[in-house]
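Data first, discussion second: the structure below is written as structure tokens.
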Amino acid sequence: MPITERLARYPLAFLPTPLQPLRRLSRQLGEEGRRGAAGAGTDGGTDPSSFVNLWIKRDDQTGLAGGGNKTRKLEFLIADALAQGADTIITTGAVQSNHCRQTAAAAAKAGLACHLVLGGPPPQEVNGNLLLDNLLGATLHWTKREQRLETMAGLADDLRAAGKHPYPITYGGSDPVGAAGYALAIEELRDQCAQADLKPDALVFASSSGGTQAGLLAGAWALGWDVPILGISVDEPEARLQALVAGLATRTAAHLGCPHTFEPCDVRVNAQYLGGGYAVMGPLEREAITRLARSEGIFLDPVYTGRAFGGLLDIIRRGGFAAGQNVIFWHTGGAPALFAYADDLLA
Ligand SMILES: Cc1ncc(COP(=O)(O)O)c(C=O)c1O
């Protein structure tokens with residue numbers, strides 16, 4: 001029986017999302033590596049044992065209003081909200097939050113009102129995810145970045161006083177209810193790998209509020225699937241993200257009915273690619289975005305997946321994976337934010 005079968009789920013996503021080989025890019029990286037090692041002019045060939053085999057799990061294609069990883073979490077969060085009799089969803093994020101955009105879409109589909117508490121002053125130009133939040137009918141509230149949770153709590157009180165039934169969703173939908181979406185996701189991936197006769201040597205993805213990584217870890221534990229799960233930190237130092245994910249994975253495993261205590265040392269995190277800080281796009285992200293677009297026709301985003309895929313390219317160039325190994329990049333979405341970075345991307 002699937003591990004999340006007994007949990008209430010409100011269908012929002014197009015599942016399973018595709019698992020695809022990145023054949024051209026894998027070959028190109030192999031050739032570049034050999035040229036670097038042996039001098040110019042080496043022919044890389046097409047033998048998959050001669051380069052790192054990159055695969056991509058397309059959660060940018062979860063289907064809801066531009067897709068992304070939050071849609072899987074929201075299937076469980078919206079079901080929980082409806083079970084509790086909620087009529088209004090509240091959540092919070094950055095100006096270009098993918099989580100807020102997907103939450104607004106999920107609320108619209110479920111017939112619930114949606115309030116978004118966004119950090120910072122309203123920008124002059126309404127673009128990317130923020131434009132879509134407006135189209136989706138969300139009510140926007142602006143506050144200081146560090147006061148977002150407090151503002152959300154005050155808003156929930158005001159809504160209750162007005163006779164509404166709000167359901168607050170924390171940063172990134174990263175609580176045990178939301179993280180269950182990624183326990184289900186790893187089961188989906190395990191089945192796809194079995195069908196493709198693929199044994200992954202690592203799963204690599206962008207990690208920030210920790211729900212994706214915690215769900216993957218708890219799900220892998222519940223399935224007894226021993227696969228290395230490496231989160232590339234987008235904004236947190238290594239030890240802090242490890243502790244956050246370990247705590248959330250422990251609570252998620254209990255929620256799934258497969259209790260297990262995860263320690264920070266069980267959580268693989270690479271925090272070498274924090275660059276100029278959260279949402280500051282630099283050369284690493286820019287190169288990753290154009291590289292994947294031009295080799296495979298797939299868009300990354302400037303904040304999360306651009307950073308994580310840029311980190312993965314760097315790890316491969318430094319010999320972090322051996323030729324013939326299979327590495328799956330879990331694409332968690334975010335491309336709508338590209339439009340808000342147009343000037344930086346074309347610079
Ligand atoms: C595109 C994208 N990738 C990755 C993440 C990180 O996921 P998590 O917050 O579950 O760690 C986010 C979070 O907002 C995101 O929008």
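Restricting region 180-215 to residues that are within 16 Å of the ligand (Cβ to nearest atom), touching a Leu at 6+ places or on another chain (Cβ under 6 Å) and of a type in the set (A, V, I, L, M, F, W, C) leaves a set whose member that is nearest to Pro264 (Cα to Cα) is Ala214.
So for region 301-321 (the condition being polar (S, T, N, Q), at pLDDT 95 or above and over 19 Å from the mean Cα position of the chain (by Cα)), does at least one residue qualify? No, there is no match, as no residue in region 301-321 is polar (S, T, N, Q), at pLDDT 95 or above and over 19 Å from the mean Cα position of the chain (by Cα).
In region 218-234, the residues that are part of a strand (DSSP E or B) reach residues that are among the polar types (S, T, N, Q) and surrounded by 21 or more Cβ atoms within 10 Å (Cβ to Cβ) with C-beta atoms within less than 6 angstrom, at least six apart or across chains, in these pairs: Gly231/Ser207; Gly231/Gln213; Ser233/Ser207.
The number of residues in region 64-91 that are closer than 25 Å to Arg160 by Cα, surrounded by fewer than 24 Cβ atoms within 10 Å (Cβ to Cβ) and of a type outside the set (Gly, Ala, Ser) comes to 5.
So the check is Cβ under 9 Å with 6+ separation or different chains; which pairs have a first residue in region 317-340 that's without any contact (Cβ under 8 Å) to a residue 12 or more places away in the chain and a second one that's within 16 Å of the ligand (Cβ to nearest atom)? From residues that are without any contact (Cβ under 8 Å) to a residue 12 or more places away in the chain, the pairs are Gly320/Leu312.
Here is a yes/no grid of residues against (1) among the charged types (D, E, K, R); (2) loosely packed, with under 14 Cβ neighbours inside 10 Å:
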position: Gly93; (1), (2): no, no
position: Pro122; (1), (2): no, yes
position: Glu125; (1), (2): yes, yes
position: Asp133; (1), (2): yes, no
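The values are calculated or read from the model by the stated rules, or taken from the named source; none is laboratory data. Nothing here was measured: the structure is a model prediction, and the numbers come from that model. All Cβ positions, even for glycine, are placed from backbone atoms using ideal geometry, and neighbour counts span all protein chains on display.
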